[in-house]
Amino acid sequence: MNDQDKNMSRKRKATNVYDTNFLYSPLAGPRRFNSPTPTSISEDDLLNLTLGPPIPPPPPPPLQNYLFPQPPPNSFYMPQSPPPPSNNTTRPPRNRRASQTTRQGRREEKTITPPYQWATDKKAHIHTLEYLVSKQIYTITGQVQCKKCEKRYEMGFNLEEKFGDVAKFIIENKTGMHERAPECWSNPVLLTCKFCEAENSVKPVIAGKKRSINWLFLLLGQMLGCCTLEQLKYFCKQTMNHRTGAKDRVLYLAYLCVCKQLQPTGPFDRW
């Protein structure tokens with residue numbers, strides 16, 4: 001080691017630092033780079049170089065970042081829209097199954113006092129022919145009124161005879177009716193008044209309350225066509241029949257239904 005290297009070693013030991021401009025290579029030996037940087041560094045300078053200046057903490061994110069998060073960099077982000085304001089006036093959804101059960105329960109629980117001997121405790125329902133014969137009920141009566149003299153009186157029909165006429169007419173003409181009441185049902189020929197003997201003038205007296213309508217009496221006299229469309233729809237509703245459409249269609253269903261109630265095994269199905 002020459003004198004120059006010895007001097008450099010002494011300076012290095014005195015300062016206890018390494019000269020940044022000195023490089024030792026195993027092949028070429030020690031080498032020095034020419035640099036204006038001083039070769040001696042104090043301990044405070046060394047500490048500052050080692051630790052570096054203090055880095056101030058990052059500023060806190062703005063408040064809106066907590067409320068509305070920012071999208072990450074280089075990624076597709078769909079901002080979430082705020083939920084719509086709640087409307088307290090909105091009605092809760094209805095429980096349709098419970099409502100239907102309730103309506104069905106009310107329909108099953110509602111019974112009435114039979115308005116006639118041949119009527120049941122259900123609205124718009126009559127007893128069967130077999131039941132009426134077993135109870136020795138052979139004549140069906142009802143109130144009528146003359147349109148000319150306005151006399152009001154009671155009239156009776158023979159049950160088996162008049163029902164046989166209606167059943168025979170349906171069996172012979174059902175195919176050609178096409179689910180429409182014929183003209184003789186829609187505009188029935190009325191009876192002759194027993195007081196003034198006016199022809200086609202005696203009309204049935206239909207009860208104001210629909211539950212009290214004498215459906216069997218109207219059937220036997222073939223006077224169901226004297227009912228209004230609203231009354232016929234009421235009958236179809238209580239007997240679970242289709243009740244929309246023109247009057248001749250609803251009237252056709254009413255005739256078949258009353259006959260079906262009177263004789264369940266008869267040919268009075270709709271189809």
On each of the three principal axes the extent of the alpha-carbon atoms of the range 207-268, given in whole Å and largest first, is 31, 23, 18
Quick one: Kirkwood hydrodynamic radius for the range 126-248, alpha-carbon pairs, angstrom, one decimal? 15.7 Å
Here the gain from full extension of E179 to E150, 0.36 nm per residue of separation minus their alpha-carbon distance, amounts to 6.9 nm
Taking a label point 7 Å from the Cα of A207 along Cα-to-Cβ, the residues of the range 224-260 whose backbone nitrogen sits under 15 Å from it are 231-232, 234-235, 238
Residue order, fewest to most beta carbons within 10 Å, for H242, H125: H242, H125
At R0 = 30 Å, FRET efficiency that the Cβ-Cβ distance of T111 and L229 yields, to 0.05: 0.70
Using each residue's phi in the range 136-143, evaluate 6.51 cos²θ - 1.76 cosθ + 1.60 at θ = phi - 60° and report the 3J(HN,Hα) Karplus result to the nearest Hz, with x for Gly and Pro. 6, 9, 10, 10, 10, 10, x, 8
J(HN,Hα) series, the range 167-179, from Karplus relation 6.51 cos²θ - 1.76 cosθ + 1.60, nearest Hz, glycine and proline x: 5, 5, 5, 5, 4, 7, 10, 4, 4, x, 6, 6, 6
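Any read-out appearing in this document is the output of simple, stated calculations on the displayed coordinates, not a laboratory observation. Bear in mind the structure is a predicted one, so any value in this text is a computation, not a measurement. Here the Cβ is made from the backbone with ideal geometry for all residues, glycine too, and neighbour counts use every protein chain on show.
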